[in-house]
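In what follows, a single structure is set out as structure tokens and then discussed.
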Amino acid sequence: METPTWQESVFRALKAARVSVVGYVPDAGHAHLIKSAHADPEIDTVVLTTEEEGIALSAGAWLGGKRSVMLMQSSGVGNCINMLSLPVTCRMPFFTLVTMRGEWGEFNPWQVPMGTATPHVLTQAGVHVRRADHADDVAEMVGASAALAFDSHIPVAVLFSQRLIGAKVFVK
Amino acid sequence: MSETKRNDGTLDRREAVSVLLRDPGDLLVVTGLGAATYDVGVLGDRDQNFYLWGAMGGTAMIGLGLALAQPKKRVLVVTGDGEMLMGMGSLASVAAAKAPNLAIAVLDNARFGETGSQHSHTGLTTDLEAVAAACGWTATATARDMAEVEALRSRLRAEPLFAVIRIAPDEKPRFIPPRDGAFVTERFRRALGIVEN
């Protein structure tokens, strides 16, 4: 499978932001990032059983002086809510890239409720939400949002729209 | 007051924790919300202690992030059975990450002590040491007397060990370590010499 160049540029933006810990719950839209992170000897890449673990992992990394990112899809956002009190209360950065489901050409109705709620519940929980819709500015969006999180010590989520990543195709 | 069960632990929680943390040196300690935070705090506030007052279920993963970021330091997570049960999946994530400098000590009274001492799963059907072993922790232990706690003290500072300490269910006087998370975070990072990130 050929990798879209915008995904390469997102990985380079994370490296430029000095991210060295990556936690993830897999998503097809993050597959390239996950593979690149595992292949990078300077990055500790941690597979999680549930998304809230990634918030705690990021907090621990920050306590120890490292910057991290958490990769998840929108269906996992609901698992995070109480754990988001950790970066908010401790005035820590938290940086997450969220691939959106349930919005652009979605086949699976079970993805729609959490996809619809994602920007709202993140905002309500104290996360600053940005949205990347276009391949040509997604890396810039990631770089600027990482700076916002790590320099201003706040939680920031970048939502990768389903149009950007491409709707998952189900074959009957 | 809940009835005593046959499988209740007998150890004094404060005595056990005071043994585990005797001469802590530069040990980095992360404490789970509730009594584990009080038990560690009452021994004397340290810059290298990170106390949780919330984020239930996250203590082990905070320990993992810290251990990955500080590979030359030892990290000890001290938490309760209820907190560990909520983050049980993290036993799998931590084992898979194979951080050699992280250990976990669970103070297991088989109770949710903060909320009315309801029985937890460890007093009903769940064996956390067996759960950890099944998740891939190669070093696990359960301490039932003070000699076993004493033996854990050095192992928890040398091995990636998951240890259960079977404490008695009685409540201790509450002790209140700092609960301003931003203060504790900044103090912790400064103690590690992290000035900019």
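General remarks:
- Residues satisfying the stated conditions in the stretch B:114-147, i.e. under 15 Å from the mean Cα position of the chain (by Cα), open to solvent by 30 Å² or more (accessible area, probe 1.4 Å) and not hydroxyl-bearing (Ser, Thr, Tyr): B:Glu129
- Conditions (1) within 14 Å of chain B (Cβ to nearest Cβ); (2) farther than 17 Å from A:Ile154 by Cα; (3) surrounded by 24 or more Cβ atoms within 10 Å (Cβ to Cβ); (4) not aromatic (Phe, Trp, Tyr): number failed by A:Thr118: (1)
- Pair list, Cβ < 6 Å and 6+ apart or interchain, from the stretch A:46-72 residues that are within 7 Å of chain B (Cβ to nearest Cβ) and modelled with pLDDT of 95 or more to residues that are assigned to a loop (DSSP other than H, G, I, E, B) and open to solvent by 10 Å² or more (accessible area, probe 1.4 Å): A:Leu48/A:Val25; A:Gly64/B:Gln70; A:Gly65/B:Ile194; A:Gly65/B:Asn197; A:Arg67/A:Arg18
- Some residue of the stretch B:66-82 being over 21 Å from B:Pro169 (Cα atoms) and among the small types (Gly, Ala, Ser): yes
- Summed over the stretch B:25-41, the residues that are assigned to a loop (DSSP other than H, G, I, E, B), closer than 21 Å to B:Val164 by Cβ and either away from every other protein chain (no Cβ under 14 Å) or open to solvent by less than 20 Å² (accessible area, probe 1.4 Å) (or both) give a count of 3.
- B:Arg153 falls short on exactly one of the conditions (1) open to solvent by 40 Å² or more (accessible area, probe 1.4 Å); (2) modelled with pLDDT under 95; (3) within 16 Å of the chain's Cα centre (by Cα), and that condition is (2).
- Pick from the stretch B:47-90, criterion touching a residue at least 40 places away in the same chain (Cβ under 8 Å) and part of a helix (DSSP H, G or I), ranking: most open to solvent (accessible area, probe 1.4 Å): B:Met88
- So B:Arg153, is it over 23 Å from B:Ala97 (Cβ atoms) and touching a residue at least 40 places away in the same chain (Cβ under 8 Å): yes
- Failed item in (1) over 17 Å from the mean Cα position of the chain (by Cα); (2) free of Cβ contacts under 8 Å to residues at least 12 places away in the same chain; (3) surrounded by fewer than 22 Cβ atoms within 10 Å (Cβ to Cβ), with A:His38 passing the rest: (1)
- Cβ pairs under 7 Å, 6+ apart, first in the stretch B:164-189 and over 13 Å from B:Trp53 (Cα atoms) and within 14 Å of chain A (Cβ to nearest Cβ), second aromatic (Phe, Trp, Tyr) and outside any loop (DSSP other than H, G, I, E, B): B:Phe188/B:Phe50
The values are calculated or read from the model by the stated rules, or taken from the named source; none is laboratory data. On a predicted model such as this, the values are computed, not experimentally measured, just so you know. Every residue, glycine among them, receives a Cβ derived from its backbone with ideal geometry; neighbour counts consider all protein chains shown. For accessibility, only protein heavy atoms count, side chains too; no ligands or nucleic acids. Shrake-Rupley method; radii C 1.70, N 1.55, O 1.52, S 1.80 Å.
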